[in-house]
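See structure below.
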Amino acid sequence: MINELTYKIAQCCAPEVDNPIIGYFKEDGTITVHDTSCPSVPGLRTERLLEVSWDEIYKTKESDTSQDIPSGIEELDDTDYFILKRHQEFGMDYSKVVSETLRIPLEEAHQRHRKLRELGGLKRVEGKIIHYRKNIVKGKWIKHRNHTYYELTPEGIQWIDAFEKITSSKK
């Protein structure tokens with residue numbers, strides 16, 4: 001099995017694209033990318049310095065992200081993520097509660113629930129009796145007549161994980 005290389009941009013010099021760069025192979029297996037004029041480079045162990053190119057770095061980043069990102073996530077935005085995350089934390093729910101909690105218009109909550117269902121991240125809860133929302137009233141069952149409840153699907157969970165990975169890598 002071939003291990004993909006992981007590149008990290010050095011915080012000390014933050015090289016910009018098209019600046020001449022050099023890589024430093026760290027013991028954890030990552031390669032830290034420095035500007036060749038960085039004052040830290042002369043103090044690094046020469047046997048760990050590598051020639052690297054921006055093309056190589058971009059190619060690796062593209063191949064890494066394409067494997068980790070599930071299909072459909074490109075159609076989501078932050079609000080969709082927060083809706084999915086709410087369903088992950090509180091279980092099945094309906095648009096009115098999501099609207100009030102996230103402070104978005106009710107019609108937008110309806111549209112987003114519909115969109116997330118059509119993409120496969122949420123599914124409608126079928127049946128007349130469901131368990132009352134998690135952490136509200138333990139052990140209580142209610143009939144739902146006028147609300148369409150939604151719950152997270154395995155695909156929705158993958159989207160949350162991918163969204164959080166993407167967000168944390170931007171920091």
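The values are calculated or read from the model by the stated rules, or taken from the named source; none is laboratory data. What you are looking at is a predicted structure, and each value in this text was computed from that prediction instead of being measured. Neighbour counts are summed over all protein chains in view; Cβ atoms, including those assigned to glycine, are modelled from backbone coordinates with ideal geometry. Protein only, heavy atoms only, side chains kept; ligands, DNA and RNA dropped before computing areas. Shrake-Rupley method; radii C 1.70, N 1.55, O 1.52, S 1.80 Å.
Amide H contacts of Tyr149: Val125, each under 5 Å away and 5 or more positions distant or on a separate chain (H built 1.01 Å from N in the peptide plane; Pro and chain starts excluded).
Remark: accessible surface ordering of Lys85, Lys26 (largest first) is Lys26, Lys85, probe radius 1.4 Å.
Checking the Cα-Cα distances for Lys8/Lys115; Lys123/Lys165; Lys8/Lys123; Lys8/Lys96 against a 32 Å cut-off, the pairs over it are Lys8/Lys115; Lys8/Lys123; Lys8/Lys96.
Compute the FRET efficiency between Leu5 and Asp77 as 1/(1 + (r/R0)^6), taking r as their Cβ-Cβ distance and R0 = 41 Å, and round to the nearest 0.05. So the FRET efficiency works out to roughly 0.85. Across Leu44, Leu50, the residue with the most accessible area heads the list, and the full order at a 1.4 Å probe is Leu50, Leu44. Largest accessible area first, the residues Phe163, Phe25 order themselves as Phe25, Phe163 under a 1.4 Å probe with ligands, DNA and RNA left out. Around the amide H of Lys8, modelled in the peptide plane, lie the amide H atoms of Ile31, Thr32, Val33, all under 5 Å away and 5 or more residues distant in sequence or on another chain.
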